[in-house]
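J.: Dumping the structure here so I can ask a few things about it.
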Amino acid sequence: DHGLSEADPEVRAIIDKEKDRQYKSLELIASENFTSRAVMEAVGSCLTNKYSEGLPGKRYYGGNEYIDELEILCQERALAAFHVDGKNWGVNVQPLSGSPANFAVYTAILKPHDRIMGLDLPHGGHLSHGFMTPKRRVSGTSIYFESMPYRLDESTGLIDYDMLEKTANLFRPKLIIAGASAYPRDIDYHRFRKLTTYYMHGKIADDVGAFLMMDMAHISGLVAASVLNNPFEFCDIVTTTTHKSLRGPRGGMIFFKKDPVHGVDLESAINNAVFPGLQGGPHNHTIGGLAVCLKHAQSPEFKIYQNQVVSNCRALAKRLTEHGYKLVSGGSDNHLVLVDLRPSGVDGARAEKILDMASITLNKNSVPGDKSALVPGGIRIGSPAMTTRGLGEKEFALIADLIHEGVQISLEAKSLASGTKLQEFLKFVASPDFPLGDKVTKLRTKVE
Ligand code: PLP
């Protein structure tokens, strides 16, 4: 039995290159992080070998004594990390990732073609919240359910709660989804909760009402550290990925209220939707890594880390504003900023490419009012990963300066290649005789 270097030098070499890239670049993708060595050890362990369909104590295969012990420990830690009482809340730690966790919830509580409302993707929502375009139902969620996305108020960049309320009262969704992938502000769960009650001739309509789900994937670390509002106070169901601000292995979790909601026993409906509804055997190595992550998440250091994530993001937002950039919503309460580059004269796709060439990794992102999703007008910048690497506010101000330098290069490149479509621009900047190559190299050297 050989180790990786001996058994497969080709894969070893690719992993080494990726590791080098991760460590040399400024990792600013808001949904990414660096998990701990302890988590990776659990993920790379013999737990990957075991089949354990079912739940602890109710498995379809033998040999699950220790897997049961592990999954129960993981569940207990999940409830403790989010400060929820095991009497009122339960959790399923088996979802393979965030999108499957969300789909398991829909499978549990909705019938095909039931109505749902989630934040529109071009306004910061996630695909799995029901994204569709006028031409195409893009996400499985919009294929199987009737989706009516809510949006931001474009003048403020904040969720348009008033419009959401009006639409919800007409559309009467069975499920309202809070949560986002690119929303820099905190969420008013109390306001969302009020939307789940419908009125008929001024009176509460007793037999209809919506479930409220929060997908806290992006901010779950901040929620665990009580840095942001607590969704558990007002929601029926809370889903999350485990690999973003929470800093665990790639995976998903679903928290549910134990008391029936609208006559539905969420515990059995959700557990059955995960298995046998959508999945087979759980990824026990991930559950092992998640248990480790959830232990970390209860430590004082984790709270300090999450506070630093927010302070760093504010320092970044402040310095970007000083450079004259327009931020969606004017700033940030959480771990990310969304920069509207349109007034600067360049789009997110071109800026992302030049920044990537300079080892600054972030992503192009739609901003309210955008016409094209392929060439969106903004970039999304997140602080969790580089905060894990130990950077503080001073360094994040410097990061804003480096981003500014990169955006200036992308503006210059755009004018050199004026009139070209995105694909031609990408070829132009990647060619060996790109006239601004030296400037990019200089910036990359500074970054690395
Ligand atoms: N929910 C939100 C809010 C997300 O931002 C994401 C991913 O970025 C997901 C769900 C999906 O997670 P996954 O990529 O693990 O399916």
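The values are calculated or read from the model by the stated rules, or taken from the named source; none is laboratory data. Please read all numbers here as calculations on a predicted model, not as lab measurements. Cβ sites come from the backbone with ideal geometry, for glycine too, and all protein chains shown count toward neighbours.
Yes/no matrix, rows are residues, columns are (1) over 19 Å from ARG247 (Cβ atoms); (2) surrounded by fewer than 14 Cβ atoms within 10 Å (Cβ to Cβ):
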position	(1), (2)
ASP16	yes, yes
MET40	no, no
SER45	no, yes
SER52	yes, no
ARG59	yes, no
ASP68	yes, no
LEU79	no, no
VAL84	yes, no
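J.: Scan the range 391-427 for residues that are without any contact (Cβ under 8 Å) to a residue 24 or more places away in the chain and more than 23 Å from VAL337 (Cβ to Cβ) and jot them down.
T.: SER415, LEU416, ALA417, SER418, GLY419, THR420, LYS421, GLN423, GLU424, LYS427
J.: Conditions: (1) out of contact with any Gly (no Cβ under 7 Å at 6 or more places or on another chain); (2) farther than 21 Å from ASN271 by Cα. GLN75 meets all but one. Number of the miss?
T.: Answer for GLN75: the failing condition is (2).
J.: Do we find that MET200 is away from the ligand (no atom under 16 Å from the Cβ) and under 13 Å from MET117 (Cβ atoms) in this structure?
T.: On the way: away from the ligand (no atom under 16 Å from the Cβ): yes; under 13 Å from MET117 (Cβ atoms): no.
No.
J.: For the range 73-87, does any single residue satisfy the condition of being at pLDDT 95 or above, in contact with a Lys or Arg (Cβ under 7 Å, 6 or more places away or on another chain) and part of a helix (DSSP H, G or I)?
T.: Looking for residues that are at pLDDT 95 or above, in contact with a Lys or Arg (Cβ under 7 Å, 6 or more places away or on another chain) and part of a helix (DSSP H, G or I), one finds at least one in the range 73-87, hence yes.
J.: With respect to PRO100, determine if the residue is within 15 Å of the ligand (Cβ to nearest atom), at pLDDT below 95, part of a helix (DSSP H, G or I) and within 17 Å of the chain's Cα centre (by Cα).
T.: Here the answer is no, as PRO100 does not meet what is asked.
J.: If you don't mind, there's one more thing I want to ask. Considering only the range 419-448, state which residues are assigned to a loop (DSSP other than H, G, I, E, B) and either in contact with a Gly (Cβ under 8 Å, 6 or more places away or on another chain) or within 21 Å of GLY378 (Cβ to Cβ) (or both).
T.: Start the filter on the range 419-448 by keeping residues that are assigned to a loop (DSSP other than H, G, I, E, B), which leaves 419-421, 431-436, 448.
Hits for the range 419-448 are THR420, LYS421.
J.: Which ones in the range 103-125 are in a loop (DSSP other than H, G, I, E, B) and within 12 Å of the ligand (Cβ to nearest atom)?
T.: Scanning the range 103-125 gives GLY118, GLY124, GLY125.
J.: What pairs come out if I take residues in the range 244-273 that are touching a residue at least 12 places away in the same chain (Cβ under 8 Å) and pair them with residues that are basic (Lys, Arg) and more than 12 Å from the ligand (Cβ to nearest atom) whose C-beta lies under 9 Å away, six or more apart or interchain?
T.: Close Cβ pairs satisfying both conditions: LYS258/LYS87; HIS262/LYS174; LEU266/LYS257; LEU266/LYS258; GLU267/LYS257; GLU267/LYS258.
J.: Does ARG319 meet the test of being crowded, with 21+ Cβ neighbours inside 10 Å and either without any contact (Cβ under 8 Å) to a residue 24 or more places away in the chain or farther than 30 Å from GLY252 by Cβ (or both)?
T.: Criteria not met by ARG319.
J.: May I ask you to verify whether LYS258 is under 27 Å from VAL292 (Cβ atoms) and away from the ligand (no atom under 16 Å from the Cβ)?
T.: For LYS258, the condition - under 27 Å from VAL292 (Cβ atoms) and away from the ligand (no atom under 16 Å from the Cβ) - is met.
J.: Next question. If you scan the range 87-119, which residues turn out to be buried (at least 24 other Cβ atoms within 10 Å of the Cβ), under 22 Å from ASP259 (Cβ atoms) and of a type in the set (Gly, Ala, Ser)?
T.: Listed by number, the residues that qualify are ALA101, ALA104, ALA108.
J.: Take HIS283 and tell me if it is more than 17 Å from GLN94 (Cα to Cα), surrounded by 19 or more Cβ atoms within 10 Å (Cβ to Cβ) and within 16 Å of the ligand (Cβ to nearest atom).
T.: Here the answer is no, as HIS283 does not meet what is asked.
J.: Any residue in the range 126-138 that is surrounded by 22 or more Cβ atoms within 10 Å (Cβ to Cβ) and part of a helix (DSSP H, G or I)?
T.: yes
J.: Another one. Kindly list, by first and then second residue, each pair from a residue in the range 86-102 that is closer than 11 Å to THR240 by Cβ to a residue that is more than 16 Å from the ligand (Cβ to nearest atom), limited to pairs with Cβ atoms under 8 Å and residues at least 6 apart or on different chains.
T.: Correct list of pairs: VAL91/GLN75; VAL91/ALA78; VAL91/LEU79; VAL91/PHE256; VAL93/GLU71; VAL93/CYS74; VAL93/GLN75; VAL93/ALA78.
J.: Ok, one more. If you check GLU65 against the conditions, is it more than 16 Å from the ligand (Cβ to nearest atom), farther than 25 Å from LEU212 by Cβ and touching a Pro at 6+ places or on another chain (Cβ under 8 Å)?
T.: no
J.: So is ALA210 buried (at least 19 other Cβ atoms within 10 Å of the Cβ), modelled with pLDDT under 95 and in contact with a strand residue (DSSP E or B) (Cβ under 8 Å, 6 or more places away or on another chain) or not?
T.: yes
J.: Please find, within the range 23-69, the residue that is nearest to HIS296 (Cα to Cα) out of those that are β-branched (Val, Ile, Thr) and more than 20 Å from the chain's Cα centre (by Cα).
T.: This residue is VAL43.
J.: Are any residues in the range 152-182 within 14 Å of the ligand (Cβ to nearest atom) and assigned to a loop (DSSP other than H, G, I, E, B), and if so, which ones?
T.: Within the range 152-182, GLY179, ALA180, SER181, ALA182 qualify.
J.: Sticking with this one: Could you tell me which of the residues ARG185, ARG193, ARG247 is in a helix (DSSP H, G or I) and among the charged types (D, E, K, R)?
T.: ARG193
J.: Just checking, how many residues over the range 230-274 are within 30 Å of SER36 (Cβ to Cβ) and not acidic (Asp, Glu)?
T.: Result for the range 230-274: 27.
J.: Only residues that are within 16 Å of SER332 (Cβ to Cβ) and aliphatic (A, V, I, L, M): list them for the range 386-398, please.
T.: Listed by number, the residues that qualify are MET386, ALA397.
J.: Has the range 203-225 got any residue that is under 15 Å from LEU79 (Cα atoms), assigned to a loop (DSSP other than H, G, I, E, B) and touching a residue at least 24 places away in the same chain (Cβ under 8 Å)?
T.: Looking through the range 203-225, at least one residue is under 15 Å from LEU79 (Cα atoms), assigned to a loop (DSSP other than H, G, I, E, B) and touching a residue at least 24 places away in the same chain (Cβ under 8 Å).
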